[in-house]
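Visitor: Have a look at the structure that comes next, please.
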Amino acid sequence: MLHSSSSVASGIRGFTPFQLGTDEVKDYPTFEVTAQVGGKLGDGPARLGMYKFDKMWNGAAAYTNGKYIVFYGGARDGWQWNQGYNFWAGFGPALSEIADAQGFIKSKQFQLGTDEVKDYPTFE
């Protein structure tokens, strides 16, 4: 008996189903992380730069800048921002709390290139 790829692999963690030529493909645009504006997350300078779509991971788009990967670790682990998929940095927020990688990065007090940066006048 033959099984479809989705029914056999639905329980496999990190499985990426096949795409058909007729499927609508979502666009995952690159984005830039421009500055660390607070927080205690280490290795800030290495986390900056252009992030591009890497792959779907546990139901969410994962992005990388070539040094770090922002991915959803699943219901038990939540969002993660590490140097690899097999690294764990603690319990991150769930998808129901933060819907995407950009939102998670901002929650860690990093600024995106699309953020509006207020101009504060100098004073004496």
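Visitor: Do you know which residues across the stretch 25-68 are over 19 Å from Ala99 (Cα atoms) and basic (Lys, Arg)?
Guide: Lys40, Arg47, Lys67
Visitor: All but one of (1) touching a Lys or Arg at 6+ places or on another chain (Cβ under 9 Å); (2) farther than 24 Å from Thr34 by Cβ; (3) not aromatic (Phe, Trp, Tyr) hold for Ala75, so report the exception by its number.
Guide: It is condition (1) that Ala75 fails.
Visitor: Within the stretch 100-109, can you find the residues that are open to solvent by 40 Å² or more (accessible area, probe 1.4 Å) and free of Cβ contacts under 8 Å to residues at least 12 places away in the same chain?
Guide: Listed by number, the list holds a single entry, Lys106.
Visitor: Within the stretch 32-51, restricting attention to residues that are closer than 16 Å to Gly113 by Cβ and touching a helix residue (DSSP H, G or I) at 6+ places or on another chain (Cβ under 9 Å), which residue is surrounded by the fewest Cβ atoms within 10 Å (Cβ to Cβ)?
Guide: The qualifying residue surrounded by the fewest Cβ atoms within 10 Å (Cβ to Cβ) is Ala35.
Visitor: Tally the residues that are in a loop (DSSP other than H, G, I, E, B) and open to solvent by 60 Å² or more (accessible area, probe 1.4 Å), restricting the search to the stretch 52-65.
Guide: 1
Visitor: Okay, next question. Does any residue in the stretch 66-88 that is outside any strand (DSSP E or B) come within less than 7 Å, Cβ to Cβ, of a residue that is surrounded by 13 or more Cβ atoms within 10 Å (Cβ to Cβ) and of a type in the set (Ser, Thr, Tyr) six or more places away or on a different chain, and which pairs are these?
Guide: Gln83/Tyr68
Visitor: Please work out which one of (1) of a type outside the set (Gly, Ala, Ser); (2) outside any strand (DSSP E or B); (3) crowded, with 19+ Cβ neighbours inside 10 Å; (4) touching a helix residue (DSSP H, G or I) at 6+ places or on another chain (Cβ under 9 Å) is the condition Asp115 fails and give its number.
Guide: Failing condition for Asp115: (3).
The values are calculated or read from the model by the stated rules, or taken from the named source; none is laboratory data. These numbers were taken from a predicted model, which means no experiment stands behind them. Quick reminder, even Gly has a Cβ in these numbers, built from the backbone with ideal geometry, and neighbours come from all protein chains shown. The protein model used for the area step is the full one, side chains on, heavy atoms only, and it has no ligands, DNA or RNA in it. Shrake-Rupley method; radii C 1.70, N 1.55, O 1.52, S 1.80 Å.
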